[in-house]
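Have a look at the structure below before the remarks.
Please treat every number below as a calculation from the coordinates, not as lab data. Keep in mind it's a predicted model, so treat the numbers as computed, not measured. Please note: Cβ atoms are built from the backbone with ideal geometry, for glycine as well, and neighbour counts cover all protein chains shown.
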Amino acid sequence: MLCSLLFSSAELEGEPLDLDIEPPSKLQSELGRNLLGKAAKGNSVASAIMAKYGYKEGQGLGKSEQGISTALAVEKTSKRGGKIILPGTGPPAGVAVPEPAAAVPAPNLVEALQNQSKVVLLRNMVGPGEVDDDLQPEVAEECSKYGSVDKCLIYEIPDGADPEEAVRIFVRFMRIDSAIKAVMDLNGRFFGGRTVKAGFFCEDRFENLDLAPP
């Protein structure tokens, strides 16, 4: 509306309209020629934009040249994807970049839910020698959110056992549905940098304190 008002005012006053705006087709043509020329010289569109704001090669943007001194670029990572990078910020030549660590797969939940009972066995929650006086009440308190806990026991296998199997934590619930909730939530959970393995344990063996692995 403001634009139309300005036009009307200019026409009423009989003054020539001078907005100094080139037709879109001409702007597009000029931009295309500029970009093609830049591409021929090996410069990116980002370089052309930076040059528009006073960028000169080897200097940083900004009044004090404190900004970036290299145009951002896009590194293709797949057929349809890419990531924005700042050239010159990668590792020095000859320096090997370590591969990202592979994700540790969570224990199989279907397998964990077999042989259901009121007793839950937690493995790999802590490692050998990491059992302290606070661990048992802490585990019992944490598991109480799934239902009433009847008893919590910790059994540590003597030296030489697999570090992931060395400490076995047993939690007996008052109801089996509470035990099922605990297994479903705790199996595969990260605790202190470890992946917890949760499953069910034979109630008769627990009652007889037969807690060692078969």
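Cβ neighbours within 10 Å, averaged per peptide: list 110-116, 145-151, 132-138, 170-176 in order, most packed at the top.
170-176, 145-151, 110-116, 132-138
Is the C-alpha gyration tensor of segment 141-213 telling us rounded, prolate or oblate? Criteria: a/c under 1.5 is rounded; beyond that, a/b larger than b/c is prolate, otherwise oblate.
oblate
Count charges around Met174 for me, please; just the other residues with Cβ under 13 Å from its Cβ, Lys/Arg as +1, Asp/Glu as -1.
Counting the neighbours of Met174, the net charge comes to +2.
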